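These notes concern the structure reproduced below.
Any read-out appearing in this document is the output of simple, stated calculations on the displayed coordinates, not a laboratory observation. Keep in mind that this is a model prediction, so the values were computed, not measured. All Cβ positions, even for glycine, are placed from backbone atoms using ideal geometry, and neighbour counts span all protein chains on display.
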Amino acid sequence: MMEMPKVTACEVSQCAYNANKACHAMAITIGDISNRPKCDTFFQTSIHGGVKETTAGVGACKISECNYNEELECSAANIKVGMKSGTAECLTFTKR
């Protein structure tokens with residue numbers, strides 16, 4: 001059975017779910033309509049959200065060309081999120 005990989009680091013400090021370089025959303029989604037490994041859960045607001053005791057997992061991955069994508073689920077042991085080309089992206093992404 002596949003385990004939900006955790007977001008072990010998030011360098012996107014301006015995200016509403018980020019506190020101390022950790023993501024506290026229950027789960028995030030990777031990928032968007034441009035087929036880039038963007039963190040679809042990222043958004044900016046003055047309110048910090050999420051559950052402080054929780055480390056986010058990867059709930060879904062919409063990037064079919066990622067080596068870790070298995071039936072729209074992430075099979076990586078864990079992932080890291082950071083800024084790339086001006087957007088929050090999965091830095092663990094590896095093209096098939």
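Taken along the Cα-to-beta-carbon direction at a fixed 7 Å, the label points for S64 and E3 span 3.0 nm. Close amide H partners of C74, meaning residues 5 or more places away or on another chain with modelled amide H under 5 Å apart, are C61. Taking every DSSP bridge with both residues inside the range 6-90, close to 60 percent are antiparallel. Taking amide hydrogens as placed 1.01 Å from N in the peptide plane, the amide H of T41 sits under 5 Å from those of T29, each at least 5 positions away in sequence or on another chain.
Remind me, relative contact order of the chain in percent, using alpha carbon pairs under 8 angstrom and six or more residues apart? It rounds to 33 percent for the chain. Find out how many positive minus negative residues lie around K62, taking Lys and Arg as positive, Asp and Glu as negative, among other residues whose Cβ is under 15 Å from that of K62. Spelling it out: positives minus negatives among the neighbours equals -3. At the listed q of 0.11, 0.16, 0.17, 0.24 Å⁻¹, the Debye profile of the chain, built from one uniform point per Cα, gives log10 I(q)/I(0) equal to -0.27, -0.57, -0.64, -1.26.
The Rg/Rh ratio for the range 24-63, using Cα coordinates for both the radius of gyration and the Kirkwood hydrodynamic radius, is 1.02.
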